[in-house]
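Below: one structure, written as structure tokens.
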Amino acid sequence: MVRWILMAGLCGVACGDGDDPRFVPLASGTAQLAIEHGELVFSRDGAPILRFPPGAFQQGIVDDLDSGASFDPYWLFVDSPPAPPDGLAWQRAGSFRVIASDEQGFTLAIGDHGKLRATPSYSGCFALSFSSSHPRTAFLRVQPTVANSGERYYGLGEWGDGIEHTAATYRGEGRAFG
């Protein structure tokens, strides 16, 4: 009897309690990615800049990826768009779940099919990868909340970029626009 109790106790210790790994905030220079109150928060020098609730990570699911429809995201941003692909529905995640996390990076499950990977890159920067395992994902979109109303963004690398800055400077550095 004592042998069975000892074996059951050892199995419980070896097998763990099934909890997800603990989230470890990720730092790069003065920047940090942390989970606060159920949101992923990007901060610099301790001041939150962007907040990503789980619903900020969205997957555009369609009826048929092989339909011949165009999945160019251009139409998402024009004034008179063509009809969207058949069955397009945006799925917003309801939660994060930690898959792996340490000082070198983290992986989060986002809802049922999303995954976010983050690692430090250059000082003050992070490399992020958002993917979906849903077999009919046509689009991915991220819609964070700007935590600091004085923060402005521009030049994010796509055709829809526009000039959005405070006064004529961005973080104290003059920029020429032409």
Next item on the list: Answer yes or no: is there a residue in segment 65-73 that is surrounded by 12 or more Cβ atoms within 10 Å (Cβ to Cβ), in contact with a Pro (Cβ under 9 Å, 6 or more places away or on another chain) and closer than 15 Å to Ala118 by Cβ.
Entry: no
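Select from segment 125-153 the residues that are among the aliphatic types (A, V, I, L, M) and at pLDDT 85 or above and list them in ascending order. Steps first, please.
So in segment 125-153, the residues among the aliphatic types (A, V, I, L, M) come out as 127-128, 138, 140, 142, 146-147.
The answer is Ala127, Leu128, Ala138, Leu140, Val142, Val146.
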Next item on the list: Only residues that are touching a Gly at 6+ places or on another chain (Cβ under 6 Å) and either among the charged types (D, E, K, R) or assigned to a strand (DSSP E or B) (or both): list them for segment 60-82, please.
Entry: Asp63
Note to self: So for segment 98-110 (the condition being under 30 Å from Ser28 (Cβ atoms), aromatic (Phe, Trp, Tyr), in contact with a helix residue (DSSP H, G or I) (Cβ under 6 Å, 6 or more places away or on another chain) and surrounded by 12 or more Cβ atoms within 10 Å (Cβ to Cβ)), does at least one residue qualify?
What the structure shows: no
Check: Yes or no: Leu76 modelled with pLDDT under 95 and under 21 Å from the mean Cα position of the chain (by Cα)?
Finding: yes
Checklist line | Single residue of segment 29-45 satisfying the filter (over 16 Å from the mean Cα position of the chain (by Cα) and not in a strand (DSSP E or B)) that is surrounded by the fewest Cβ atoms within 10 Å (Cβ to Cβ) | finding: Asp45
Margin query: Please go through (1) surrounded by 17 or more Cβ atoms within 10 Å (Cβ to Cβ); (2) within 14 Å of Val142 (Cα to Cα) for Trp90 and return the number of the only condition it doesn't satisfy.
Written below: (1)
Notebook entry, point to check: For segment 115-138, how many residues meet the condition of being more than 18 Å from Val41 (Cβ to Cβ), touching a residue at least 24 places away in the same chain (Cβ under 8 Å) and not in a loop (DSSP other than H, G, I, E, B)?
Noted result: 3
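I'd like the residue in segment 1-24 that is under 20 Å from Ala93 (Cβ atoms) and modelled with pLDDT of 90 or more and, out of all such residues, is nearest to the chain's Cα centre (by Cα). Reasoning before the result, please.
Within segment 1-24, the subset under 20 Å from Ala93 (Cβ atoms) is 20-21, 23.
From what is left, the residues that are modelled with pLDDT of 90 or more are 21, 23.
Numbers: Pro21: 18, Phe23: 15 Å.
Per the stated criteria, the residue is Phe23.
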Next item on the list: Output the number of the condition that Arg97 fails; it satisfies all remaining conditions of (1) more than 22 Å from Asp45 (Cα to Cα); (2) in a loop (DSSP other than H, G, I, E, B).
Entry: (2)
Note to self: Quick check on segment 61-80. Is at least one of its residues closer than 15 Å to Phe23 by Cβ and touching a strand residue (DSSP E or B) at 6+ places or on another chain (Cβ under 9 Å)?
What the structure shows: no
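The values are calculated or read from the model by the stated rules, or taken from the named source; none is laboratory data. Keep in mind the model is a prediction, meaning the values are calculated, not measured. So basically every Cβ, Gly included, is an ideal-geometry build from the backbone, and we count neighbours across all protein chains shown.
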